[in-house]
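As structure tokens, the structure follows; a few thoughts come after it.
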Ligand code: GAP
């Protein structure tokens, strides 16, 4: 399959099946902002739940928080984002389009007479690069003046740093310990695109691990390995995953060392999670700018120090694109082609399709009862009695539903139903009153 066509097919499936819609579509859409439909909201929620469980519930050294999106503007001065969170931009004086200076489509050096605009093709009309801050600004209160400027946070991490002593003291954690958070972040990206890969509003799942200076490199390696394993456990094909270490010119202003976890998307290898050694950069800067001591007192040694921070930062939307791209397959099955999303059962939006083979002979009644039993245990199912059984299976294959439960003639004789596995297509007979346990066992992660 051609690379672009895979993305086109994914975008079209995402819309057709209710995963992802363009924001404000009836008004022509809003650039690089997307809405999640009934299946998409479940997929993303399942991804976030899986991350939260592994970070906060499965460990005793990580606490959760949910900080506000709006923060004191001095936070962003201290963090370096006001001065340094910028991209170099060039404008075309002819067609008025704006590009990142490193846009691969630009021929020549922006500002030079031979540089060519990638949109209108004019030569010599591109300006020299100018720095553009990626933070969205708004105003707090009724007056739109400089003193009232607040920013929509461009990363969730700062809400953790400014609260780290509140969390440490209230939860009585000792270093090393971490704080996890899931929330929205906003960046006024100049060349967004590739569907939900780079958007202007997105969600991050970030964890900041506070350690003793000198132990940071050890914890950095631990977290690097754990995060890669987490993606493998989610069923992402290992050959599509790799690390990329940042070179000196790639490191963010706060980082001493950084690795991206990359996925081979249809448009190439790209980052979807970052693991950063942020040293004591953020906490020291907040201590300096706020005038409040942010030192940790080690109860064992009575030492005071500003902890170092190892950060893991994963985009929920970008992860959703990874799992969709990784799960998408076109296969030939019994002489027919099918589109299937081989999503890990734990993140599939619908866990089972429930089908009466025909709409008579008591089959709908049994199927309705099975569907109700599953829903009562918070297992999302889809009841479908329309069309041939093959078509009903195909519809659920496309939605990524891992199991199909069919009530047929034999059910009325011996009380068993057929359970079909989406991936292997194997079918087995299960007692209808054991379907709940069967699914609970097979959905466990
Ligand atoms: N706190 C560190 C930080 O924000 P980052 O590498 O800028 O680091 C981390 O972002 C992750 O957030 C990325 O790997 C990606 O998954 C996600 N992300 C960043 N910008 C994004 C955007 N414009 N659209 C979607 N996801 C984005």
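Evaluated against (1) assigned to a loop (DSSP other than H, G, I, E, B); (2) at pLDDT 95 or above; (3) in contact with a strand residue (DSSP E or B) (Cβ under 6 Å, 6 or more places away or on another chain), residue 110 falls short on exactly one condition, (2). It is to be established whether one or more residues within the stretch 59-74 are within 16 Å of the ligand (Cβ to nearest atom) and in a helix (DSSP H, G or I). Within the stretch 59-74, not a single residue is within 16 Å of the ligand (Cβ to nearest atom) and in a helix (DSSP H, G or I).
Of the residues 41, 56, which single one is away from the ligand (no atom under 15 Å from the Cβ), in a helix (DSSP H, G or I) and farther than 23 Å from residue 396 by Cα? Show your work before the answer.
Working: 41 fails: farther than 23 Å from residue 396 by Cα.
So the residue among 41, 56 that is away from the ligand (no atom under 15 Å from the Cβ), in a helix (DSSP H, G or I) and farther than 23 Å from residue 396 by Cα is 56.
Please enumerate the residues belonging to the stretch 430-444 that are under 30 Å from the mean Cα position of the chain (by Cα) and exposed (fewer than 13 other Cβ atoms within 10 Å of the Cβ). Across the stretch 430-444, the qualifying residues are 441, 444. Taking the numbered list (1) in contact with a strand residue (DSSP E or B) (Cβ under 7 Å, 6 or more places away or on another chain); (2) more than 30 Å from residue 329 (Cα to Cα); (3) touching a residue at least 24 places away in the same chain (Cβ under 8 Å) in turn, residue 245 passes all entries but (3). Filtered by the rule that a residue be surrounded by fewer than 20 Cβ atoms within 10 Å (Cβ to Cβ) and part of a helix (DSSP H, G or I), the stretch 211-222 gives 217, 218, 219, 221, 222.
The listed residues are 204, 208, 173, and the only one of them that is modelled with pLDDT of 95 or more, in contact with a helix residue (DSSP H, G or I) (Cβ under 9 Å, 6 or more places away or on another chain), more than 16 Å from the ligand (Cβ to nearest atom) and not in a helix (DSSP H, G or I) turns out to be 173. Scanning the stretch 145-160 for residues that are assigned to a helix (DSSP H, G or I) and either away from the ligand (no atom under 16 Å from the Cβ) or in contact with a strand residue (DSSP E or B) (Cβ under 7 Å, 6 or more places away or on another chain) (or both) turns up 146, 147, 148, 157, 159, 160. The residue of the stretch 91-107 that is nearest to residue 130 (Cα to Cα), among those that are at pLDDT 90 or above and in a strand (DSSP E or B), is 91. Counting residues in the stretch 176-191 that are at pLDDT 95 or above, within 12 Å of the ligand (Cβ to nearest atom), in contact with a strand residue (DSSP E or B) (Cβ under 9 Å, 6 or more places away or on another chain) and assigned to a helix (DSSP H, G or I) gives zero. Residues in the stretch 161-170 that are within 11 Å of the ligand (Cβ to nearest atom) and either in contact with a strand residue (DSSP E or B) (Cβ under 6 Å, 6 or more places away or on another chain) or in a loop (DSSP other than H, G, I, E, B) (or both): how many? Here the count works out to 0.
Can you tell which of 127, 199 is touching a strand residue (DSSP E or B) at 6+ places or on another chain (Cβ under 7 Å), surrounded by 14 or more Cβ atoms within 10 Å (Cβ to Cβ) and within 24 Å of residue 22 (Cβ to Cβ)? Write out each step before concluding.
Details: 127 fails: within 24 Å of residue 22 (Cβ to Cβ).
That would be 199, the only listed residue that is touching a strand residue (DSSP E or B) at 6+ places or on another chain (Cβ under 7 Å), surrounded by 14 or more Cβ atoms within 10 Å (Cβ to Cβ) and within 24 Å of residue 22 (Cβ to Cβ).
For the stretch 387-431, the set of residues classified as within 21 Å of residue 339 (Cα to Cα), in contact with a helix residue (DSSP H, G or I) (Cβ under 7 Å, 6 or more places away or on another chain) and in a loop (DSSP other than H, G, I, E, B) consists of 400, 422, listed by residue number. Go through the stretch 239-248 and give me each residue that's within 14 Å of the ligand (Cβ to nearest atom) and assigned to a loop (DSSP other than H, G, I, E, B). Scanning the stretch 239-248 gives a single hit, 246.
The number of residues in the stretch 399-429 that are farther than 16 Å from residue 362 by Cβ and surrounded by fewer than 17 Cβ atoms within 10 Å (Cβ to Cβ) comes to 8.
Quick one: which strands (runs of 3 or more DSSP E) sit completely within the stretch 249-334 and have at least 2 residues that are near the ligand (Cβ under 10 Å from one of its atoms) and closer than 23 Å to residue 87 by Cα? Don't jump to the end; show me each part of the working.
Details: elements: 257-265, 268-279, 308-315, 328-333.
Fully inside the stretch 249-334 and qualifying: 257-265, 268-279, 308-315.
The values are calculated or read from the model by the stated rules, or taken from the named source; none is laboratory data. Predicted model, so just to flag it, every value in this text is computed and none were measured. Note that we place each Cβ from the backbone using ideal geometry, even for glycine, and neighbour counts take in every protein chain shown.
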